[in-house]
Amino acid sequence: MEPKVTKTRAAVLHKPFVVEMEERELGSLNPNDVLIKVMAVGVCGSDVHYYEKGKIGSKKVEKPLIQGHECAGLVIETGDKVTSLEPGDRVAIEPGISCGICTECKEGKYNLCSHVAFLSSPPKDGAFSEYIIHPDHLLFKIPDNVTFEEATLIEPLSVGLHGLSRAQMKADSSVLISGMGPIGLTAIIAAKSFGALNIIATDIEPLRLEIARKLGATHIIDVSRQNLLKTVQELTNSHGVDVVIETSGQEQAVKSTVDVVKKGGNISAIGFSRLDHIGINFYKLLQKEVSIHGVFRYTNTYQHGVDILASKKFKTDLLLTDFYPLEKVREALERARINKSTSIKVIIRPHN
Ligand SMILES: [Zn+2]
Ligand SMILES: [Zn+2]
């Protein structure tokens with residue numbers, strides 16, 4: 001059927017560094033679809049990458065693209081078959097629409113679906129838009145004590161939650177989180193929610209390490225000035241940590257994961273690297289019987305993310321640093337691109 005709102009204004013990426021405001025048709029509202037007024041969208045590193053280069057790996061912006069996938073909004077209208085939501089509900093939006101019928105989907109690994117339409121990943125348009133239409137099963141109600149801006153954090157938080165599950169994180173596991181970008185910082189929140197007592201955060205930016213401490217890291221290591229391995233050994237009685245969450249994608253950081261993990265420990269590799277190949281000490285990998293897990297996006301983390309934010313145990317305001325209206329998406333992307341040390345999450349508010 002035709003939705004109540006048929007057109008939306010959106011910020012559209014045409015080619016690197018060129019973003020224009022345009023009016024777009026919203027299309028039809030299918031029985032399981034929901035029309036959402038987009039209230040907040042986080043700028044992701046991947047948005048900045050497409051904005052700068054026009055591609056990530058083999059994924060290219062071949063036609064004008066609406067970016068943005070870390071989003072939350074207000075339900076305006078629901079399709080005929082939607083029973084779980086009604087107009088006025090506030091929701092976090094899980095961005096990946098998987099096919100549901102391929103082998104990976106059937107195995108529950110819907111993050112690996114080859115047919116996924118993921119908001120802002122070309123050619124699928126994203127959420128730097130006043131309104132979007134999205135399937136009901138990917139919308140998660142947020143309580144009144146969680147702001148729309150906070151709810152955008154569920155997307156990066158989900159990656160850490162998935163990485164910790166892959167690494168068989170347990171309540172008393174010690175964790176080293178490498179790289180304090182938004183994924184690393186939200187992974188501290190994720191690790192705390194798993195019950196981690198020892199969380200070691202590493203980076204080279206003192207400011208980000210300070211935020212890591214405020215979010216709940218029990219130890220911080222500035223790897224540009226401190227010896228990583230020696231410090232980790234001191235902190236773990238020479239055992240190493242149970243779990244390593246690598247979010248930086250930096251060659252040296254990836255290589256050192258097998259040094260700092262304990263015998264029989266688990267490593268989750270999350271951060272994308274510029275390099276296709278990174279050498280790991282193979283002897284140590286075998287001798288220590290280390291497990292390395294690749295991590296791509298996440299599955300079934302959104303409700304957990306909502307619950308974590310609703311607990312109000314975490315200083316999420318430390319992560320939400322810059323705010324822009326829809327007309328200023330280009331400025332917002334520039335801010336995120338250039339000001340990497342003090343801007344953690346740049347947020348677009350389409351209705352400001
Ligand atoms: Zn993202
Ligand atoms: Zn699938």
Revision key, fill the gap. Once all protein chains are kept in place, E331 shows an accessible area at probe 1.4 Å, nearest 10 Å², of 80 Å²
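Over 14 Å apart: what share of the alpha carbon pairs of region 218-268 falls there, rounded to a whole percent?
Numbers: 653 of 1275 pairs.
Here the long-distance tail beyond 14 Å is 51 percent of all Cα pairs in region 218-268.
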Check your understanding: In nm, to one decimal, how far is the modelled label at E327 from the one at R349, with both set 7 Å along Cα→Cβ?
Key -> 1.5 nm
Review point. With contacts defined as alpha carbon pairs under 8 Å and 6 or more residues apart, what's the relative contact order of region 109-202 in percent?
Key: 23 percent
Check your understanding: What percent antiparallel are the DSSP beta bridges of the chain, to the nearest 5?
Key -> 60 percent
Practice item. Report K106's accessible area, 1.4 Å probe, all protein chains in place, as a number in Å² to the nearest 10. Key: 150 Å²
**Study point:** Residue-by-residue Karplus 3J(HN,Hα) for region 40-55, coefficients 6.51, -1.76, 1.60, Hz, glycine and proline x
**Key:** 7, 9, x, 8, 9, x, 5, 4, 5, 5, 4, 4, 7, 10, x, 6
Revision key, fill the gap. The chain: relative contact order from alpha carbon pairs under 8 Å, six or more residues apart, as a whole percent, is 18 percent
Study note, to complete from the structure: Over all directions, region 156-294 yields a Cα convex hull whose mean projected area in nm² is 7.2 nm²
**Study point:** Positive-pole candidate from T83, P31, V19, dipole of region 5-122, charges at beta carbon
**Key:** V19
Check your understanding: Over what distance in Å are the Cα centres of region 1-42 and region 124-168 separated?
Key -> 17 Å
Exercise for review: Taking all pairs of distinct Cα atoms, average 1/r, flip it, and tell me the Kirkwood hydrodynamic radius of the chain in Å to one decimal place.
Suggested key: 20.8 Å
Exercise for review: Enumerate the lysines that K55 could reach by cross-link, defined here as Cα to Cα under 29 Å, with residues fewer than 8 away along the same chain left out.
Suggested key: K7, K15, K37, K63, K109, K124, K255, K328, K340, K345
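I need the peptides 262-272, 286-296 ranked by packing, meaning the mean over residues of other C-beta atoms within 10 angstrom, with the highest value on top.
Values: 262-272: 20.5, 286-296: 14.6.
Descending mean neighbour count gives 262-272, 286-296.
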Exercise for review: Go ahead and run the numbers for FRET between S58 and K255, Cβ-Cβ distance against an R0 of 22 Å, rounding to 0.05.
Suggested key: 0.30
Review point. Ignoring ligands, DNA and RNA, what percent of the 1.4 Å accessible area of region 77-193 is carbon and sulfur?
Key: 49 percent
Point to revise | Zero-based 10 Å bins, Cα pair distances in region 264-352, whole percents | key: 12, 24, 33, 22, 8, 1
Review point. Which whole-Hz ³J(HN,Hα) couplings does region 287-304 yield from phi under the Karplus relation 6.51 cos²θ - 1.76 cosθ + 1.60, θ = phi - 60°, glycine and proline marked x?
Key: 5, 8, 6, 8, 10, 10, 10, x, 10, 10, 6, 5, 9, 6, 10, 5, 5, 4
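Taking R0 as 35 Å, what's the FRET efficiency between R9 and E289 from their Cβ-Cβ distance, rounded to 0.05? Write down the numbers at each step before the final one.
Working: r = 55 Å, r/R0 = 1.58.
My answer for the efficiency is 0.05.
The values are calculated or read from the model by the stated rules, or taken from the named source; none is laboratory data. Predicted model only: the values in this text are computed from it and were never measured. Backbone-built Cβ (ideal geometry, glycine too); neighbour counts: all protein chains shown. Remember, those area values only see protein heavy atoms, side chains included, never the ligands or the DNA or RNA. Shrake-Rupley method; radii C 1.70, N 1.55, O 1.52, S 1.80 Å.
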